[in-house]
Ligand SMILES: [Fe+2]
């Protein structure tokens, strides 16, 4: 029997997640954990987290446990293949035997990629795209310590890296995955989230929402992920506003920590939707923040998907705290969109990508850092939308989107994200 004709994804694959230490104070276990895992000389990879003191604190704790530490603090946001190869050069010349990543998704993803290079005699990371059949699946051990509640990368088996050798007019950001990539240990400590600015807290929160909703509506239909996804949405709806309003609210930061962790576990096996496809494509072209890209892409993608998964969006409305009694499922699905629109308004999510050009803090610090000639301003014109849409259509997350997308329909979604309003 051709069971592929009965169901598009008949066989489910439950991917591994690492051991984890979760909760306030967990980061103080990093030294003992490194020692217990056999680390002797470790490469601590980070974007720098300048001004927070966290890098020095983690370094001191690891060294106090008798493990030598070499710091590589040159990871860029939306990590590039060049970051991976530079980190590997340090790993090799410093004769390290292990990794600690400290930060958000950029640090964790760059570290996973560097482990692959280290296990394959320094081969270019651009040789490792998509689902990986690794010649050497025994990667150096890795502890991932999160400083944001968003990525889920500390508990996933994937990384995303920008290929700077790609055509400057068609920059390529690729996702790779293999069971061996899951870190050896994840450490999620909400105390490390306290210093995250309000805007980044909001952006990362919408990454959590995109992971949870993407996992729930994905046509992969990974039933074991659905409960985690709904609980993550409930936690997020309860805690994100407070975490943005008062970064030192312990309960809110802890709630968001659990939301990020279980949403990460959910999408690790369930896949995602086109929200991530558009965010990946836009950040490849413009170095936009991953979570912010998800936040902006949420609205056109949900509107497109609602008719094809309205029962699920009705449950999402309930998880977001909407009283759906008396509503039809279609009305409840629409109410989910209304609820997330209110959330976006409350935590200050910009309306569209082109508005980032005039958002002072954002445009100065992010857009134009890319190597691409057109990256200084987000154009949002027809040619730009078509170019970004082509990248998004080829993204692995598009495969599991509830609505099957063509280049035309993806271009319409991208145009709405570029210049529309929610
Ligand atoms: Fe994400």
Among the residues that make up region 141-158, is at least one of them under 22 Å from residue 28 (Cα atoms) and surrounded by fewer than 20 Cβ atoms within 10 Å (Cβ to Cβ)?
yes
Quick one: residue 179 ticks every box in (1) farther than 16 Å from residue 260 by Cβ; (2) crowded, with 24+ Cβ neighbours inside 10 Å except a single one, so which number is it?
(2)
The helices (runs of 4 or more DSSP H) lying entirely within region 259-367 that contain at least 3 residues which are over 22 Å from the mean Cα position of the chain (by Cα) and either away from the ligand (no atom under 16 Å from the Cβ) or surrounded by fewer than 23 Cβ atoms within 10 Å (Cβ to Cβ) (or both) are 310-319, 329-347
Criterion violated by residue 103 - all others in (1) in contact with a helix residue (DSSP H, G or I) (Cβ under 7 Å, 6 or more places away or on another chain); (2) within 16 Å of the ligand (Cβ to nearest atom); (3) more than 19 Å from residue 139 (Cα to Cα) satisfied
(1)
Whether any residue in region 163-174 is within 16 Å of the ligand (Cβ to nearest atom) and either in contact (Cβ under 8 Å) with a residue 12 or more places away in the chain or surrounded by fewer than 17 Cβ atoms within 10 Å (Cβ to Cβ) (or both) is what I want to check.
yes
Please count how many residues of region 142-152 are within 16 Å of the ligand (Cβ to nearest atom) and farther than 23 Å from residue 388 by Cβ.
6
For residue 51, the lone unmet condition from (1) within 19 Å of residue 104 (Cβ to Cβ); (2) within 24 Å of the chain's Cα centre (by Cα); (3) surrounded by 14 or more Cβ atoms within 10 Å (Cβ to Cβ) is (3)
Output for Cβ contacts, cut-off 7 Å, separation at least six or different chains, first residue touching a residue at least 40 places away in the same chain (Cβ under 8 Å) and under 13 Å from residue 290 (Cβ atoms) in region 145-158, second part of a loop (DSSP other than H, G, I, E, B) and more than 11 Å from the ligand (Cβ to nearest atom), reads 148/196
Residues that are within 15 Å of the ligand (Cβ to nearest atom) and either touching a strand residue (DSSP E or B) at 6+ places or on another chain (Cβ under 6 Å) or within 21 Å of residue 247 (Cα to Cα) (or both): does region 185-196 have at least one?
no
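Coordinate-derived values only; no laboratory data. Values in this document were obtained by computation on a predicted structure and should not be read as measured data. Don't worry about glycine lacking a Cβ; one is built from the backbone with ideal geometry, like all the others, and counts go over all protein chains shown.
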